[in-house]
Amino acid sequence: MATEKIFISHGDLILDNIYNDNLELIKQDGGGCNWNDLYNLSLMGEKCYAIGSCGNDAEGKIAIQSLDNAGINTEHIIIEEKSTNIMNIIIPNSKLNDNSVLHVWYNPITLKYTMNFSEHLPVTLPSALNDKMLYVILDKFLPVNLAFIRNITTPKKICLDFGHIRFFEHFTKQYLTQFLDLANFVQMNDSVIELLFERLQIKNETELLEKFNLDLLILTKGKKGANFTFKENNLIQTINLTPSKMIQATDTSGAGDAFFSTVLREYAYTEKITSAWVKSTFDLANQASRKVISQLGSRIEN
């Protein structure tokens, strides 16, 4: 029986180019919500594997090195003759709010498109991971991602992060349902919930949890906290929690990823989700979010 827990993610590596208001490049670092989650989990002491692709360029080398530096296994990253995906992050000089940091797929100076998703991602699990207990993190919902998780026969929990509308807005209810039918833990934020519920023809969080038999559903709301929806004593509950402490943010980019990865680790090591577990986990996740937004970049500095 599988006992060792392994956290994995699948997709294209992403490099974050961070600009200030004057469009001066002030930092480059690995990015992408799913890869940020792996990075955070690895720093927490968990075994993590990156499975995917990046370009044969300087940006790809930085993206891989960032994962390597955190102790993530990158042996299963394919190097392709393409440009590595770049997320362009523009941070205003004025006081930040939840939506003031811009994330764009075009270089803000040249206006060149900077996302080049691979058509050749691996769709089979490395043999070294057979018979492990896997926690699979996905924040993108392409057919190749679906093929990958369907091909996993070892024990697994599928953990989905609906963080950006652009990653699911073009997909039908029937297609998205294929991911959710396999899911165990789902996080979404308040910028995507309206479209996601409309697309799925879902009225509320309770209906989503029940329809797809999820263990845990989280709605993050920035400074307003988060809703945790789960089953306790066979009854669906939603607990709305707000942060007890607020800080002035330097960069809000990685807040949701720090929250997700912290909750995921707690989820992986609990036998039962209870109201008490939710409250203690929220405090830990909120503490991690405060740490990452106090610095520049979307990853907790190693």
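The values are calculated or read from the model by the stated rules, or taken from the named source; none is laboratory data. Nothing here was measured: the structure is a model prediction, and the numbers come from that model. Cβ placement follows ideal geometry from the backbone for every residue including glycine, while neighbour counts extend to all protein chains displayed.
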Margin query: For the list (1) under 19 Å from His120 (Cβ atoms); (2) surrounded by fewer than 24 Cβ atoms within 10 Å (Cβ to Cβ), I need the number of the one condition that His10 fails.
Written below: (2)
Margin query: For the list (1) modelled with pLDDT of 95 or more; (2) under 25 Å from Ser118 (Cα atoms); (3) among the acidic types (Asp, Glu); (4) surrounded by 18 or more Cβ atoms within 10 Å (Cβ to Cβ), I need the number of the one condition that Asp29 fails.
Written below: (1)
Checklist line | Thr281 surrounded by 15 or more Cβ atoms within 10 Å (Cβ to Cβ) and either more than 24 Å from Lys47 (Cα to Cα) or of a type in the set (Gly, Ala, Ser) (or both) | finding: no
Checklist line | Criterion: over 19 Å from Ile300 (Cβ atoms), hydroxyl-bearing (Ser, Thr, Tyr), touching a helix residue (DSSP H, G or I) at 6+ places or on another chain (Cβ under 9 Å) and crowded, with 20+ Cβ neighbours inside 10 Å - qualifying residue of Tyr39, Tyr49 | finding: Tyr49
Checklist line | Answer residue from segment 224-278, given it is over 27 Å from Lys5 (Cα atoms), over 19 Å from the mean Cα position of the chain (by Cα) and of a type in the set (Gly, Ala, Ser) and is surrounded by the fewest Cβ atoms within 10 Å (Cβ to Cβ) among those | finding: Ser244
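For segment 197-212, state whether one or more residues are over 22 Å from Asp12 (Cα atoms), in a strand (DSSP E or B) and at pLDDT 95 or above. Steps first, please.
First, pick out the residues of segment 197-212 that are over 22 Å from Asp12 (Cα atoms): 197-212.
Going one step further and asking which of them are in a strand (DSSP E or B), we end up with none.
No, segment 197-212 contains no residue that is over 22 Å from Asp12 (Cα atoms), in a strand (DSSP E or B) and at pLDDT 95 or above.
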Item checked: strands (runs of 3 or more DSSP E) wholly inside segment 31-125 that include at least 2 residues being in contact (Cβ under 8 Å) with a residue 40 or more places away in the chain -> 47-55, 73-80, 85-91
Item checked: Number of positions in segment 220-239 that are in contact (Cβ under 8 Å) with a residue 40 or more places away in the chain and part of a loop (DSSP other than H, G, I, E, B) -> 1
